[in-house]
1. Answer yes or no: is there a residue in region 14-34 that is over 22 Å from Trp207 (Cβ atoms), of a type in the set (A, V, I, L, M) and at pLDDT 95 or above.
2. When you check Val45 against the structure, is it β-branched (Val, Ile, Thr), modelled with pLDDT of 95 or more and assigned to a helix (DSSP H, G or I), yes or no?
3. Considering only region 40-67, state which residues are small (Gly, Ala, Ser) and more than 27 Å from Pro190 (Cβ to Cβ).
4. Please indicate, with yes or no, whether at least one residue in region 93-108 is aromatic (Phe, Trp, Tyr) and in contact with a strand residue (DSSP E or B) (Cβ under 7 Å, 6 or more places away or on another chain).
5. From Ala103, Ala59, which residue is touching a helix residue (DSSP H, G or I) at 6+ places or on another chain (Cβ under 9 Å) and either at pLDDT 95 or above or buried (at least 23 other Cβ atoms within 10 Å of the Cβ) (or both)?
6. Just a yes or no: is a residue in region 90-105 within 28 Å of Gln35 (Cβ to Cβ) and assigned to a helix (DSSP H, G or I)?
7. Which ones in region 48-83 are small (Gly, Ala, Ser), in a helix (DSSP H, G or I) and touching a Ser or Thr at 6+ places or on another chain (Cβ under 9 Å)?
8. From the list Leu206, Leu246, Leu215, Leu200, which one is in contact with a Cys (Cβ under 6 Å, 6 or more places away or on another chain), within 21 Å of Gly127 (Cα to Cα) and at pLDDT 95 or above?
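The values are calculated or read from the model by the stated rules, or taken from the named source; none is laboratory data. A quick note: this is a predicted structure, and the numbers were derived from the prediction, not measured. All Cβ positions, even for glycine, are placed from backbone atoms using ideal geometry, and neighbour counts span all protein chains on display.
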Amino acid sequence: MPVKPGIEVASLSDVGCQRDNNEDSYLYWEPRDHQELQRKGRLSVIADGMGGHEGGQEASRLAVETVREVYDQDFHDDPQSALLQSFAAAHTRILNYAEHHPAFHGMGTTCTAFVVRDQQLYFAHVGDSRLYLVRDAKILRLTRDHSYVGRLVESGLVRAEDAERHPQRHILTAALGAGRELAIDSPEQPMALQDGDDLLLCTDGLWSVVAENELLTAVSKNSPAECCAVLVSLARKRGGPDNITLQVLHVGS
């Protein structure tokens, strides 16, 4: 879709080298009306489905479509509240879908979404997809992994630099559609963005095989579209064990 001035955005999704189908989903959305754009901002969403080929695909699709739909239709001037409401609706929709389609029992998905409005960043997160901020030649991870290994890192039992290669790193402790209770990570206050900032949203098919310093280099030295191509190519060269999906948003194009 056409993007209004103020940002530059690019996305890319690849099946990888070892999977038959792509269970990731993503979207970028902004209102067409200028006043609505000022009120609602710009929305990016990424999801990594689980629960079998069709189950994972359906869960991630439902997640990104529901987040966009609910964010747009039920917006009441607070992006953070709208994100939380849209995640809750997506969680319920996935649970209901699995209940009415027994073949999809166990379906679920990670989901990470952010909104940029007036150079303020709002986000919500469940699972182990990641959101990074790149600023002044430094990279900062804004989300924490809702995973078994993530808990080990937080407790000091596993070093952060070893987590990406841990054999149990894919075991999630939270996901949309998993269990009745839903724990969503979101900041209490929005983060101020600056011209020149870059936001990187990605699934574990990228970050599990590409180190943060390599993400930083690719984002810093390339346009968003070139960055997406460079990073997908790098992940595939390293075996592409999972689907690879990312979105890069540059502030102040």
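1. No.
2. Taking the combined requirement at face value, the residue does not satisfy it.
3. Just the residues of region 40-67 that are small (Gly, Ala, Ser), to begin with: 41, 44, 47, 49, 51-52, 55-56, 59-60, 63.
Residues satisfying the conditions are Gly49, Gly51, Gly52, Gly55, Gly56, Ala59.
4. Start the filter on region 93-108 by keeping residues that are aromatic (Phe, Trp, Tyr), which leaves 97, 104.
Keeping just the survivors that are in contact with a strand residue (DSSP E or B) (Cβ under 7 Å, 6 or more places away or on another chain) gives none.
For region 93-108, residues aromatic (Phe, Trp, Tyr) and in contact with a strand residue (DSSP E or B) (Cβ under 7 Å, 6 or more places away or on another chain): absent.
5. Working: Ala103 fails: either at pLDDT 95 or above or buried (at least 23 other Cβ atoms within 10 Å of the Cβ) (or both).
Selected residue: Ala59, the only one of Ala103, Ala59 that is touching a helix residue (DSSP H, G or I) at 6+ places or on another chain (Cβ under 9 Å) and either at pLDDT 95 or above or buried (at least 23 other Cβ atoms within 10 Å of the Cβ) (or both).
6. As a first pass, look at region 90-105 and keep what is within 28 Å of Gln35 (Cβ to Cβ): 90.
Imposing the further condition that a residue be assigned to a helix (DSSP H, G or I) reduces the set to 90.
For region 90-105, residues within 28 Å of Gln35 (Cβ to Cβ) and assigned to a helix (DSSP H, G or I): present.
7. Correct list: Gly56, Ala59, Ser60, Ala63.
8. Working: Leu206 fails: in contact with a Cys (Cβ under 6 Å, 6 or more places away or on another chain); Leu215 fails: in contact with a Cys (Cβ under 6 Å, 6 or more places away or on another chain); Leu200 fails: in contact with a Cys (Cβ under 6 Å, 6 or more places away or on another chain).
Only one candidate qualifies: Leu246.
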